[in-house]
Amino acid sequence: MLSVGETVLREIVLINITGEDRPGLTAAITGVLAQGKANILDIGQAVIHDTLSFGILVEIPETLEASSALKEVLFTAYKLDQQVRFTPVSEADYQHWVEGQGKARHIVTLLARRVTAEHLHRVSAITAQYGLNIDRIDRLSGRISLDAPVDRAKGCIELSVRGEPEDPTALRAEFLRIGQELDIDIAFQRDTLFRRNRRLAVFDMDSTLIEAEVIDELAKVAGVGEQVSAITERAMRGELDFRASFRERLALLKGLPESVLQEVALRLPLTEGAELLFTELKRLGYKTAILSGGFSYFAHQLQQKLGIDYVFANELQIDQGRLTGVAVEPIVDAQRKADLLRELAKREGLSLEQTIAVGDGANDLPMLGLAGLGVAFRAKPLVKQSAKQAISTLGLDGILYLLGYRDPEDSE
């Protein structure tokens, strides 16, 4: 037992090992360190293309036994065909590192069809410019074949950064700017417990879950396609009130036969990545919902196809087999979507921080702002600028990367 004032003789050493990855290496190295009574202060390991990079920070007593342990680490690494480097760390430097504990952490997610060095250079330069230090970089997307079609490839790099930007709004604006310049998406979010503990995801339907605006498709059949599309475009950009524009567009469909609904439903394309997204959300225990200013007839068909739990959309009024040009109240508008998100979260016993909302139009902004993770998906500029996060480059399954999801690389 140490007496008062007695100095503890110890050495702090960072051990870096690199070489071809092989089983048993960690056990062999830590077994040697165990003989020297070493304490592990930090540890990290990564394997890139079967090449190992292994780091371990240890505290060892300054004894003959410990000294021989470091020599044995060198010998053991040599036998395993590894390169090893020892770096002494002063107690002052170590203490400074410890004091950095508790600083805010954020996640920067880079999404692109193919990630290039230019992409990562620009993103990492901006994080440094705003005083954020990169602690870890991980690839979340699967291995990409060199022959894979670029329009269906998926690339995602996640950076774990430490620190608090002085101006988060300016940082997000800079990420949005270079994202548009380089045709990539960059998400920036605080790394909290909620990030991996969300349990409710709600979605707009038109131009989000499906690659079409249903009311525009119906209008084409009715012969008023250009008129309705122009109104739709202005409403999605936020230039028109949704409720007023919805009534104006719907009135132009008066007299359309009910049979047209099925014809249009059969040719509505699902958005890229929708099926994978809902399969994984279901596997992870999420409840899902459609909150749409579109029509319930089409939303219920999507519900069956994707296994969605809740549907809230506008019901078309039909009389004698023809559309009347009005919808049954209440209309699902921007405020109604936000209210429904609150109601569903309460029903499921969740906080709003545990929810995800996804949409593309101005009428989605209230629910995007309310959700813990609000994602503007292939959205108009106003919506992208106003939402917490935006994805335009990849399909809907790109949302999984924002949750920290990693593509499987091995068959199960």
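Restricted to region 299-412, the set of helices (runs of 4 or more DSSP H) holding at least 2 residues that are open to solvent by less than 20 Å² (accessible area, probe 1.4 Å) comprises 334-347, 365-370, 399-402. Being in a helix (DSSP H, G or I), at pLDDT 90 or above, of a type in the set (Phe, Trp, Tyr) and open to solvent by less than 10 Å² (accessible area, probe 1.4 Å) is not true of PHE246. Just one of the listed residues (ALA173, ALA187, ALA148) is modelled with pLDDT of 95 or more and either outside the structural domain of ALA362 (by the TED database) or part of a strand (DSSP E or B) (or both), and it is ALA187.
Taking GLY321 as the residue in question, decide whether it is of a type in the set (Gly, Ala, Ser) and touching a helix residue (DSSP H, G or I) at 6+ places or on another chain (Cβ under 9 Å).
yes
State which residue is most open to solvent (accessible area, probe 1.4 Å) when the search covers only region 282-298 and only residues that are in a helix (DSSP H, G or I) and touching a helix residue (DSSP H, G or I) at 6+ places or on another chain (Cβ under 8 Å).
Residue satisfying both the conditions and the ranking: TYR297.
Hey, does region 191-202 have a residue that's in contact with a His (Cβ under 9 Å, 6 or more places away or on another chain) and within 26 Å of GLY142 (Cα to Cα)?
Yes, some residue in region 191-202 is in contact with a His (Cβ under 9 Å, 6 or more places away or on another chain) and within 26 Å of GLY142 (Cα to Cα).
Of all the residues in region 164-206, those that are farther than 25 Å from ASN133 by Cβ and buried (at least 17 other Cβ atoms within 10 Å of the Cβ) number 9.
Figure legend. Inter-residue proximity from region 321-339: first residues closer than 14 Å to ALA362 by Cβ, second residues of a type in the set (Ser, Thr, Tyr) and surrounded by 15 or more Cβ atoms within 10 Å (Cβ to Cβ), beta-carbon distance below 9 Å, spacing 6+ or different chains. Indicated pairs: LYS337/SER292.
Selection over region 138-167 of residues that are among the aliphatic types (A, V, I, L, M) and under 13 Å from ARG406 (Cα atoms) gives a count of 2.
Being open to solvent by less than 30 Å² (accessible area, probe 1.4 Å) and in a loop (DSSP other than H, G, I, E, B) is the filter here, so list the residues in region 151-163 that pass it.
Listed by number, the residues that qualify are ALA153, GLY163.
Each row is one residue, and each column tells you yes or no for (1) open to solvent by 50 Å² or more (accessible area, probe 1.4 Å); (2) not in a strand (DSSP E or B); (3) not small (Gly, Ala, Ser).
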| site | (1), (2), (3) |
| --- | --- |
| ASN16 | no, no, yes |
| LEU41 | no, no, yes |
| LEU52 | no, no, yes |
| LEU74 | yes, yes, yes |
| HIS96 | yes, yes, yes |
| LYS103 | yes, yes, yes |
| VAL123 | no, yes, yes |
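Checking each residue in region 255-271 for being charged (D, E, K, R) and surrounded by 14 or more Cβ atoms within 10 Å (Cβ to Cβ) picks out only GLU258.
Name the residues in region 221-237 that are within 18 Å of GLY359 (Cα to Cα) and open to solvent by less than 40 Å² (accessible area, probe 1.4 Å), would you?
THR232, ALA235, MET236
The values are calculated or read from the model by the stated rules, or taken from the named source; none is laboratory data. Since this is a predicted model, take the numbers as computed values, not measurements. When we count neighbours, we look across all protein chains shown, and the Cβ atoms used for this are built from the backbone with ideal geometry, even at glycine. With ligands, DNA and RNA removed, areas are computed over all heavy atoms of the protein, side chains included. Shrake-Rupley method; radii C 1.70, N 1.55, O 1.52, S 1.80 Å.
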